[in-house]
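Reviewing the structure listed below.
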Amino acid sequence: MSGMPAGVSRAQQRLREQAELHLRLAAMDDLRRDHPGATSAPHRPSGGAFWRYVFVPVYRRLPWATKERAMRALKMTAEGHGWTPPARTPGEPWRPPAPPPA
């Protein structure tokens, strides 16, 4: 994230890592609940009550448009890293990019 103070960049990275970790742990809990005996409980780092009891339930209830606005406001999207997503309409399946001209 060029142009952004290093402390802010580190804070954003830490926020994203924590969000991803706790969303992933919640997904593993869901799988374990839906398929008892098929998997074991994931390792949980100590702490994390806010993430588990506040962030994950709120995140799951928010519509995608709200999540996207929040990520853009926090500059935590791929566009913030110099990448522009390909244009496509909602519901249109992903297609690989066209090959470069020969």
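Please treat every number below as a calculation from the coordinates, not as lab data. Keep in mind the model is a prediction, meaning the values are calculated, not measured. With ideal geometry, Cβ positions are generated from the backbone for all residues, glycine too; neighbour counts draw on all protein chains shown.
Computed from these coordinates, which is Cα Rg over 2.2 N^0.38 Å: (i) 1.04; (ii) 1.48; (iii) 1.39?
(iii)
Give a residue-ordered list of calculated ³J(HN,Hα) values for segment 53-58 (Karplus: 6.51 cos²θ - 1.76 cosθ + 1.60, θ = phi - 60°; whole Hz; x for Gly, Pro).
9, 10, 4, 4, x, 5
Give the angle, between 0 and 90 degrees and rounded to the nearest 10, that separates the Cα long axis of helix 64-73 from the longest principal axis of the Cα atoms of the chain.
Helix 64-73 sits roughly 70 degrees off the main axis of the chain.
For a quick protection proxy, order the peptides 89-95, 13-19 by their average other-Cβ count within 10 Å, most packed first.
Top of the packing list down: 13-19, 89-95.
What list of ³J(HN,Hα) couplings, whole Hz, do you get for segment 29-41 from phi and the Karplus terms 6.51, -1.76, 1.60, once you set θ to phi - 60° and write x for glycine and proline?
4, 4, 4, 5, 5, 6, 10, x, x, 8, 8, 9, 5
Could you give the dipole magnitude of the chain about its Cα centre, charging the beta-carbon of Lys and Arg +1 and that of Asp and Glu -1, in debye to the nearest 20?
220 debye
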